[in-house]
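Report on the following structure.
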Amino acid sequence: MKEYKALQNGSDIRGIALEGIEGQSVNLTAEAARDLSLAFAQWLSEKYRQPVNTLVIALGRDSRLSGQALLDVCAKTLASVGVFVYDCGMASTPAMFMSTIFPITRADGAIMITASHLPFNRNGFKYFTDEGGLDKPDIKELIRIAEGLEDGEKGGSMGAIIPCKLMDYYSAHLREVICKGLNKTEEDKPLSGMHIVCDAGNGAGGFYVSKVLEPLGADCSGSAFLEPDGSFPNHQPNPENKEAMEAICGASKAAGADLGLIFDTDVDRAAAVDSQGRPIARNGIVALAAALAGEGHLGTTIVTDSITSNQLGVFLTGPLGLKHLRFKRGYKNVINKAIELNGAGEDCQLAIETSGHAALKENYFLDDGAYLATKIVIKAAQLKAQGKTIESLMEALEEPLEAAEFRLNVNAEDFAAYAGSILEELESWIAQGECDEAHPCGGRCRCGMTLEKPNYEGVRVNCDAANGDGWFLLRKSLHDPLMPLNIESNKEGGVEIIAKKVKALLAKYDQLDTSKL
């Protein structure tokens with residue numbers, strides 16, 4: 001009996017595609033790739049009410065070592081049932097979505113073979129139609145279809161596998177956006193005089209230098225790790241990774257660049273570096289993206305994930321004159337919420353996670369790191385012409401003095417239910433106000449804590465000046481047996497103070513490992 005449910009990771013498929021790490025056996029097999037590809041074709045056929053052998057599906061991959069083999073399986077499988085397949089080769093996730101939009105391709109669906117920033121042995125699939133990426137219920141249905149397929153099941157006439165220069169089309173699209181934003185033509189070399197350093201982390205993002213920036217006149221000397229290498233020999237291809245951000249900051253500062261840009265493996269996320277070599281990431285990249293999205297849209301709503309700082313909220317609603325909805329973790333959660341708000345008549349121009357997933361209304365609410373980078377490049381060029389730098393947009397943004405994330409393991413068999421009960425009780429305790437001897441902590445914490453309202457994920461608690469001067473957010477992981485705890489403080493040693501208080505609150509739960517606190 002086939003069993004693929006373990007491959008679902010929210011709205012993506014992710015699994016182990018290569019041997020090489022002890023204790024991790026391959027579960028994203030050629031058979032799984034075949035069955036999931038057939039399932040996607042069947043799903044599209046039902047969605048569009050057209051025969052499978054009339055479908056057009058585009059396939060692409062990032063630089064992962066297992067990518068080409070998986071692409072070959074998917075392509076041959078789809079062609080075997082009559083699908084017309086575009087083989088886009090090395091591509092980015094946003095470009096694969098755009099294959100369903102560009103008139104020259106107009107695919108009915110697209111599959112991107114990627115596992116984002118995960119280790120070299122992992123891989124996965126992201127699925128698209130012209131309505132965007134598939135959601136969790138869609139992936140669940142694909143798995144249901146795939147598990148029901150018989151071995152060797154196929155049918156219909158043979159399709160075709162055609163090479164497609166998708167990244168050329170996509171790059172031309174980004175160049176056009178830059179030229180339009182700067183009111184210039186490509187022949188004008190609108191980025192002449194701009195020094196922009198990029199770090200692709202040996203993922204699929206190197207094209208942004210050779211096919212977007214340099215053709216428009218930018219000096220990209222000092223850029224690093226542009227060559228695809230699925231072993232990721234230099235650092236994680238991840239804007240949230242400390243070593244990755246240190247690398248791009250160092251490279252930008254050494255080059256004296258106007259701007260630095262860093263992408264994740266499949267280029268759906270990005271972060272930046274200012275002209276002083278300082279990182280623009282997490283709260284910073286949210287603030288910068290919001291400043292750009294808010295131009296011409298005063299009062300628009302910015303949807304963010306749940307771990308953004310209090311200072312960011314003040315910046316968005318104060319100097320920028322925007323609205324802020326702090327929602328849930330998960331890029332599809334923030335995107336879907338933004339789409340929902342617009343559908344209800346509330347203007348929302350941006351959905352963004354602190355991880356660097358940024359989706360703009362003007363760009364199909366597609367989380368596109370290269371498009372975000374393009375918007376930043378346009379603004380940086382405009383500001384340079386005025387004698388200013390990109391960091392001038394965020395002068396009023398304050399940052400917490402300390403920040404930390406702890407991942408607390410849940411050892412209970414039903415970890416989701418156990419974690420849920422902890423959150424329910426924690427919220428109830430904090431709502432009671434000051435603790436006493438009857439409080440679960442035995443009166444040790446003397447709370448000074450209040451619940452953040454509204455709050456859409458976990459339990460977020462504000463701590464007064466005497467109790468850490470900051471906040472914490474405890475939530476449960478959707479997929480793993482753990483509870484992430486985020487803490488920020490506005491004073492030195494504040495994170496430690498808050499962590500100790502949280503540990504006291506959670507002491508009664510013997511199946512929650514709080515040793516990291």
- Debye intensity ratio in log₁₀ form over the Cα atoms of region 352-401, taken at each q of 0.25 Å⁻¹: -0.99
- Query: In terms of the Cα gyration tensor, with a ≥ b ≥ c the square roots of its eigenvalues, is region 1-133 rounded because a/c is under 1.5, prolate because a/b exceeds b/c, or oblate?
  - Reply: prolate
- Calculate the dipole size of the chain relative to its Cα centre from +1 charges on Lys and Arg beta carbons and -1 charges on Asp and Glu beta carbons; express the result in debye to the nearest 20. 480 debye
- Reference-scaled alpha-carbon Rg (2.2 N^0.38 Å with N residues) for the chain: 1.00
- Given Cβ charges of +1 for Lys and Arg and -1 for Asp and Glu, the option among I487, M449, F472 whose Cα lies farthest towards the positive end of the dipole of region 443-517 is M449
- State which entries of K242/K323; K242/K328; K47/K361; K453/K508; K47/K165; K180/K375 exceed 20 angstrom in Cα-Cα distance in the structure shown. K242/K323; K242/K328; K47/K361; K453/K508; K47/K165
- Would you calculate, for the chain, the mean residue ellipticity at 222 nm contributed by helices, counting each DSSP H stretch of 4 or more residues as -39,500 (n - 2.57) and dividing by all residues, to the nearest 500? -10000 deg cm²/dmol
- Message: If you filter region 186-258 for GluC sites (Glu not before Pro), then keep DSSP loop positions with at most 16 other Cβ within 10 Å, what is left?
- Response: none
- Message: Please list, in order, the residues from region 117-143 whose amide nitrogen is less than 15 Å from a point placed 7 Å along the Cα→Cβ vector of S477.
- Response: 118-119
- Note on the structure: Extension length gain for N234 and D464 (0.36 nm per residue less Cα distance), in nm, is 78.6 nm
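Loop-only trypsin sites (Lys or Arg not before Pro) in region 448-517, please: DSSP not H, G, I, E or B, and at most 15 other Cβ atoms within 10 Å.
Sparse-neighbourhood loop trypsin sites (Lys or Arg not before Pro): K491, K508, K516.
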- Whole Å is fine, so just give me how far the alpha carbon centre of region 58-133 lies from that of region 461-517. 40 Å
- Qualifying chymotrypsin sites (Phe, Trp or Tyr not before Pro) in region 454-509, DSSP loop, other Cβ atoms within 10 Å at most 16: Y456
- Backbone N under 18 Å from the S515 label point (7 Å along Cα→Cβ), restricted to region 474-509: 481-485, 500, 503-504, 506-509
- Task: Once you have the Cα-Cα distance between A417 and N241, take 0.36 nm times their residue separation minus that, and quote the gain in nm to one decimal.
- Result: 60.3 nm
- Calculate, for the chain, the solvent-accessible area per residue in square angstrom, rolling a 1.4 angstrom probe over the heavy atoms of the protein chains. 40 Å²
- Label-point separation (nm) for R106 and Q68, each offset 7 Å from Cα along Cα-to-Cβ? 3.3 nm
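The values are calculated or read from the model by the stated rules, or taken from the named source; none is laboratory data. Keep in mind it's a predicted model, so treat the numbers as computed, not measured. Neighbour counts run over all protein chains shown; Cβ positions are idealised from the backbone, glycine included. When the accessible area is computed, the model is the full protein with side chains, heavy atoms only, and any ligands, DNA or RNA have been set aside. Shrake-Rupley method; radii C 1.70, N 1.55, O 1.52, S 1.80 Å.
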